[in-house]
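One structure is given below, encoded as C-alpha coordinates.
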Amino acid sequence: MKRFKSSFLIKKITFVNSGATMANTKSAKKAIKKITRNTIANKVYKTRIKTTEKKFLTAVNSTEVVEKSEIELLLNAYYKRLDLAVKKNIIHKNKAARKKSQMAKKLATLGQ
(Lines give C-alpha, C1' and ligand atoms only; values in the text may rest on other atoms or scores of the structure.)
Protein backbone atom coordinates (compact mmCIF):
# COMPACT_ATOMS: atom_id res chain seq x y z
CA MET A 1 0.00 0.00 0.00
CA LYS A 2 1.24 3.45 -0.84
CA ARG A 3 2.10 5.42 2.27
CA PHE A 4 0.67 8.89 2.65
CA LYS A 5 2.31 11.31 5.04
CA SER A 6 0.29 13.93 6.73
CA SER A 7 1.83 15.17 9.94
CA PHE A 8 -1.42 16.65 11.23
CA LEU A 9 -3.34 13.41 10.77
CA ILE A 10 -0.53 11.32 12.21
CA LYS A 11 -0.35 13.50 15.33
CA LYS A 12 -4.10 13.63 15.75
CA ILE A 13 -4.71 9.92 15.29
CA THR A 14 -1.64 8.89 17.29
CA PHE A 15 -2.78 11.12 20.16
CA VAL A 16 -6.24 9.58 20.12
CA ASN A 17 -4.94 6.02 19.86
CA SER A 18 -2.18 6.43 22.44
CA GLY A 19 -4.49 7.62 25.20
CA ALA A 20 -7.52 5.52 24.44
CA THR A 21 -5.89 2.12 24.22
CA MET A 22 -4.37 -0.12 26.82
CA ALA A 23 -2.02 -2.19 24.70
CA ASN A 24 -0.20 -4.67 26.92
CA THR A 25 1.65 -6.81 24.43
CA LYS A 26 4.18 -5.97 21.78
CA SER A 27 1.88 -7.25 19.04
CA ALA A 28 -1.00 -5.09 20.31
CA LYS A 29 1.22 -2.01 20.17
CA LYS A 30 2.24 -2.91 16.62
CA ALA A 31 -1.41 -3.38 15.73
CA ILE A 32 -2.17 0.14 16.95
CA LYS A 33 0.57 1.53 14.71
CA LYS A 34 -0.79 -0.44 11.76
CA ILE A 35 -4.35 0.74 12.38
CA THR A 36 -3.16 4.34 12.61
CA ARG A 37 -1.22 4.05 9.36
CA ASN A 38 -4.16 2.46 7.54
CA THR A 39 -6.61 5.03 8.91
CA ILE A 40 -4.51 7.82 7.47
CA ALA A 41 -4.27 6.13 4.07
CA ASN A 42 -8.02 5.44 4.00
CA LYS A 43 -8.81 9.01 4.97
CA VAL A 44 -6.86 10.24 1.95
CA TYR A 45 -8.90 8.09 -0.43
CA LYS A 46 -12.20 9.07 1.18
CA THR A 47 -11.29 12.76 0.98
CA ARG A 48 -10.49 12.42 -2.72
CA ILE A 49 -13.85 10.75 -3.32
CA LYS A 50 -15.71 13.53 -1.50
CA THR A 51 -13.82 16.23 -3.40
CA THR A 52 -14.61 14.64 -6.76
CA GLU A 53 -18.26 14.25 -5.74
CA LYS A 54 -18.47 17.93 -4.78
CA LYS A 55 -16.95 18.99 -8.11
CA PHE A 56 -19.53 16.91 -9.97
CA LEU A 57 -22.44 18.22 -7.92
CA THR A 58 -21.38 21.85 -8.31
CA ALA A 59 -21.14 21.34 -12.07
CA VAL A 60 -24.61 19.79 -12.17
CA ASN A 61 -26.20 22.41 -9.92
CA SER A 62 -24.41 25.44 -11.35
CA THR A 63 -26.41 28.22 -12.96
CA GLU A 64 -23.81 28.59 -15.68
CA VAL A 65 -24.16 26.54 -18.84
CA VAL A 66 -21.76 23.64 -18.58
CA GLU A 67 -21.42 21.17 -21.41
CA LYS A 68 -22.73 17.71 -20.69
CA SER A 69 -19.47 16.16 -21.90
CA GLU A 70 -17.55 18.03 -19.17
CA ILE A 71 -19.98 16.79 -16.54
CA GLU A 72 -19.65 13.25 -17.87
CA LEU A 73 -15.86 13.53 -17.50
CA LEU A 74 -16.33 14.51 -13.88
CA LEU A 75 -18.71 11.60 -13.40
CA ASN A 76 -16.19 9.19 -14.91
CA ALA A 77 -13.50 10.52 -12.57
CA TYR A 78 -15.88 9.96 -9.66
CA TYR A 79 -16.57 6.39 -10.80
CA LYS A 80 -12.84 5.77 -11.08
CA ARG A 81 -12.22 6.97 -7.52
CA LEU A 82 -15.06 4.82 -6.19
CA ASP A 83 -13.83 1.72 -8.02
CA LEU A 84 -10.32 2.21 -6.69
CA ALA A 85 -11.61 2.54 -3.12
CA VAL A 86 -13.65 -0.65 -3.54
CA LYS A 87 -10.63 -2.46 -4.92
CA LYS A 88 -8.58 -1.43 -1.89
CA ASN A 89 -11.41 -2.36 0.54
CA ILE A 90 -11.81 1.19 1.76
CA ILE A 91 -15.54 1.34 1.04
CA HIS A 92 -18.05 -1.44 0.49
CA LYS A 93 -18.99 -2.34 -3.07
CA ASN A 94 -22.68 -1.79 -2.41
CA LYS A 95 -22.02 1.73 -1.15
CA ALA A 96 -20.06 2.46 -4.32
CA ALA A 97 -22.88 1.07 -6.45
CA ARG A 98 -25.42 3.18 -4.56
CA LYS A 99 -23.34 6.35 -5.00
CA LYS A 100 -22.85 5.64 -8.72
CA SER A 101 -26.58 5.19 -9.14
CA GLN A 102 -27.36 8.42 -7.31
CA MET A 103 -24.96 10.43 -9.44
CA ALA A 104 -26.19 8.83 -12.66
CA LYS A 105 -29.74 9.86 -11.72
CA LYS A 106 -28.58 13.44 -11.17
CA LEU A 107 -26.95 13.44 -14.60
CA ALA A 108 -30.12 12.01 -16.17
CA THR A 109 -32.30 14.72 -14.62
CA LEU A 110 -29.92 17.31 -16.05
CA GLY A 111 -30.83 16.22 -19.58
CA GLN A 112 -34.53 16.86 -19.05
Quiz item: Say we look at region 74-112 and pick out the residues that are more than 18 Å from the chain's Cα centre (by Cα) and part of a helix (DSSP H, G or I); which of these is nearest to ASN38 (Cα to Cα)?
Solution: ALA104
Quiz prompt | Residue that is nearest to LEU75 (Cα to Cα), among those in region 30-51 that are without any contact (Cβ under 8 Å) to a residue 24 or more places away in the chain and hydroxyl-bearing (Ser, Thr, Tyr) | solution = THR51
Quiz item: Taking the stated definitions as given, is LYS93 of a type outside the set (Asp, Glu) and either loosely packed, with under 13 Cβ neighbours inside 10 Å or in contact (Cβ under 8 Å) with a residue 60 or more places away in the chain (or both)?
Solution: no
Quiz prompt | Counted residues, region 36-63 - those being over 20 Å from LYS105 (Cα atoms) and either outside any helix (DSSP H, G or I) or β-branched (Val, Ile, Thr) (or both) | solution = 5
Practice problem: State yes or no: is LEU82 at pLDDT below 95 and within 16 Å of LYS54 (Cβ to Cβ)? | Solution: no
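The values are calculated or read from the model by the stated rules, or taken from the named source; none is laboratory data. All values derive from a computational prediction rather than experimental measurement. All Cβ positions, even for glycine, are placed from backbone atoms using ideal geometry, and neighbour counts span all protein chains on display.
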